[in-house]
Amino acid sequence: MHLGPVVSIVGAGVAGLTMAYQLARQGRRVTVIDRNPVVGGLGRTFHYGDFHFDVGPHRFHTENPRVATFIRDILKEEAIEIPRKSGVRMFNRFHEWPLRPSILMAMPVALMLKGARDLLFKENLPGESFEADVINKYGRTLHEIFFEPYTRKFLFHSPSELHRDWARAGVNRAVIDKRAQSDSLWSLLKNTLMPKPVETMFIYPPHGVGRFSDLLAKSITEMGGRLVLDAAVTAVEADDTRIAAVHTADERIACDQVVWTAPLTTLNGFLNIEGLELDYLSTIFYNLEIGRPPKLDYQWTYFGGDEIFSRVTSPEAFVPSTTPPGKSGLCVEFTCREGDERWQNPERYTEPIIADLVRVKAIDSVADVERVHIERVPFTYPIYKLNYLTELTRNLRVLSKYSNLLLAGRCGRFWYNNMDHSIGQGLSMADKILRGQMLSNIDSADREFWVTNQV
């Protein structure tokens, strides 16, 4: 028996699917709408025969017992535990990340001396910029040799143009395990010199993280929920206080309650909200089928040098079943803005990307690449410019007049988070919906939490 109002969820990523699953379990009427033909959003997996590529390096890791239990309950026997192994390329060599003592052996003497100076003479730059935050914590040397060039290549912005929340979120997301996190140059050096690194364990399904979303979607439909896929929202119908319906090319979907996990800026466009400076980064993924066993044994590797790409993922380093025996895969991330020259002409960059992979010895030769699949994924990261908190707060206040609207997920909340955080948010928000809280009140409470805890 289906009870209560119809909940329409725009976006079939892990936040939206988690909420839909929890609501459907309690007999609520749920409709999930997504413009993609498959579920998962940024947590989906691309399948090409026996090759399986996630949208960049994804994995399940959480210190929240409820989230961990939920993940295991959904995946069941497919919840494989694996150890983390990630890397970074610096000084023309590959190194483990978080850093290990080998990095010191590769560092030029002049840079070691500059680093020693940073340890002894800590700077205290004013302001809320990424640049000030990194220099104050890790010193000017590390900022200049890694954070500055990597950030410019990845985001097309100088660290001086970005809010410190990007530095804090980015570093925490890269380290992942709180036991290995380093909030100063001293703690970074201490962790680097530890005789035994912190071992971080992940949960990962046999054929990619998208399996989690596939299983959620299957359960939602079995419980009476509805999935409307390959159906982009074309309009949002609203009066002064409520969202009445969302439209796709094929139908009008009436809404008692609306959970919006699609890009916040897209909703602004539908509701004619103008004058806000919020922007997202997009990413082109070059998924390479390699005809030889892997050379890189890191699950993912950061590239802060002059390579054209910023990060490379090796699927079989998560679990061997993601690629055929005797072969391997590489997922190369190439950031852009939706609609720019890179986005419009991604094929132009295939040869330079492969040439760089050969140059850095990620593959032996161009001939090793048997096939390249190019996937353009918009809205992969919110960009935290210096004024983003002010702009986001303005945006949320304008939207708060819609009493039946709730924002969630990375894109809907403009929140640089991981899948685990989206799952946790989905569970918590579903609880409040089931208790009968007005959606705008849930959104207001979540906004207050977000402003103080978003990194």
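The C-alpha atoms of the chain define a longest principal axis, and helix 350-359 lies at about 40 degrees to it. Close amide H partners of Met90, meaning residues 5 or more places away or on another chain with modelled amide H under 5 Å apart, are His95.
For segment 302-424, compute Rh as the Kirkwood radius over C-alpha pairs and then the Stokes-Einstein diffusion coefficient at 25 °C and 0.890 mPa s; write the answer in µm²/s, rounded to an integer. Roughly 138 µm²/s, to the nearest whole number.
Treating the Cα atoms of segment 1-101 as identical point scatterers in vacuum, please give the log10 of the normalised Debye intensity I(q)/I(0) at q = 0.11, 0.19, 0.20 Å⁻¹, two decimals. Debye curve over Cα of segment 1-101, log10 I(q)/I(0) at q = 0.11, 0.19, 0.20 Å⁻¹: -0.52, -1.14, -1.19.
The charge dipole of segment 222-305, taken about its Cα centre with unit charges on the Cβ of Lys, Arg, Asp and Glu (plus for the first two, minus for the last two), comes to roughly 440 debye.
Accessible-area rank, largest first, for Glu128, Glu222, Glu251: Glu222, Glu128, Glu251, with all protein chains present and a 1.4 angstrom probe.
Take the solvent-accessible surface of the protein heavy atoms, probe 1.4 Å, and return the percent of it on the chain that carbon and sulfur atoms account for. Heavy-atom surface of the chain belonging to carbon and sulfur, 1.4 Å probe: 52 percent.
Orientation-averaged projection of segment 219-275 equals 4.8 nm² [convex hull of Cα atoms, one quarter of hull surface area].
Rounded to the nearest whole Hz, the Karplus-based 3J(HN,Hα) values (6.51 cos²θ - 1.76 cosθ + 1.60, θ = phi - 60°) of segment 69-83 follow the sequence 5, 4, 4, 5, 5, 6, 7, 6, 6, 7, 7, 8, 8, 9, x, with x at glycine and proline. The charge dipole of the chain, taken about the Cα centre with unit charges on the Cβ atoms of Lys, Arg (+1) and Asp, Glu (-1), comes to about 1060 debye, rounded to the nearest 20. Each of Phe121, Thr322, Val228 was placed along the dipole of the chain (beta-carbon charges, centred on the mean Cα), and the one lying farthest toward the positive end is Phe121. Normalised by the number of residues in the chain, the average gap of Cα pairs under 8 Å and 6 or more apart makes the relative contact order 23 percent. Quarter the surface of the alpha carbon convex hull of the chain and you get the mean projected area, 21.6 square nanometres. Between Lys401 and Lys122, the contour length at 0.36 nm per residue exceeds the Cα-Cα span by 95.8 nm.
Per residue, segment 316-446 exposes 39 Å² of solvent-accessible protein surface, assessed with a 1.4 angstrom probe and all protein chains in place. Helical content of the chain, expressed as a calculated mean residue ellipticity at 222 nm, amounts to -10000 deg cm²/dmol (DSSP H runs of 4 or more residues, -39,500 (n - 2.57) each, divided by residue number, nearest 500). Please identify which residues in segment 281-323 have an amide N closer than 13 Å to a label point set 7 Å out from the Cα of Lys361, following the Cα→Cβ vector. Of the residues in segment 281-323, 295-297 have backbone N under 13 Å from the label point off Lys361. With a threshold of 32 Å on the Cα-Cα distance, the over-threshold entries among Lys122/Lys361; Lys76/Lys361; Lys218/Lys361; Lys85/Lys114; Lys76/Lys327; Lys218/Lys401 are Lys122/Lys361; Lys76/Lys361; Lys218/Lys361; Lys218/Lys401. For Ala245, the residues 5 or more places off, or on other chains, whose built amide H falls under 5 Å of its own are Glu237, Cys255. Here the average projected area of the convex hull drawn through the C-alpha atoms of segment 358-416 stands at 7.1 nm².
Computed with every protein chain present, the accessible area of Leu389 is close to 50 Å² [probe 1.4 Å].
Ordered from longest to shortest, the equivalent ellipsoid semi-axes for segment 217-366 are 40, 22, 12 Å, each the square root of 5 times a Cα gyration tensor eigenvalue.
Across all Cα pairs in segment 39-91, the calculated P(r) in 10 Å bins from zero up to the longest distance comes to 17, 43, 31, 8, 1 percent per bin.
Taking amide hydrogens as placed 1.01 Å from N in the peptide plane, the amide H of Ile33 sits under 5 Å from those of Ile9, Val10, Gly11, Val228, each at least 5 positions away in sequence or on another chain. Across segment 422-433, computed HN-Hα scalar couplings (Karplus, 6.51 cos²θ - 1.76 cosθ + 1.60, θ = phi - 60°) run 5, 5, x, 5, x, 5, 5, 5, 4, 4, 5, 5 Hz from first to last residue, x flagging Gly and Pro.
Computed on protein heavy atoms with a 1.4 Å probe, the accessible areas place Met438, Met223, Met429 in the order Met438, Met223, Met429, largest first. The phi torsions of segment 206-222, fed into the Karplus equation with coefficients 6.51, -1.76 and 1.60 and a -60° offset, translate into couplings of x, 10, x, 5, x, 4, 4, 5, 4, 5, 4, 4, 4, 5, 4, 5, 5 Hz, rounded to whole numbers, with Gly and Pro shown as x.
The values are calculated or read from the model by the stated rules, or taken from the named source; none is laboratory data. Fair warning: this is a prediction, and the values are worked out from it, not measured in the lab. Glycine also receives a Cβ, built like all others from the backbone with ideal geometry; neighbour counts cover every protein chain displayed. Just the protein is used for accessible areas: all its heavy atoms, side chains included, with ligands, DNA and RNA removed. Shrake-Rupley method; radii C 1.70, N 1.55, O 1.52, S 1.80 Å.
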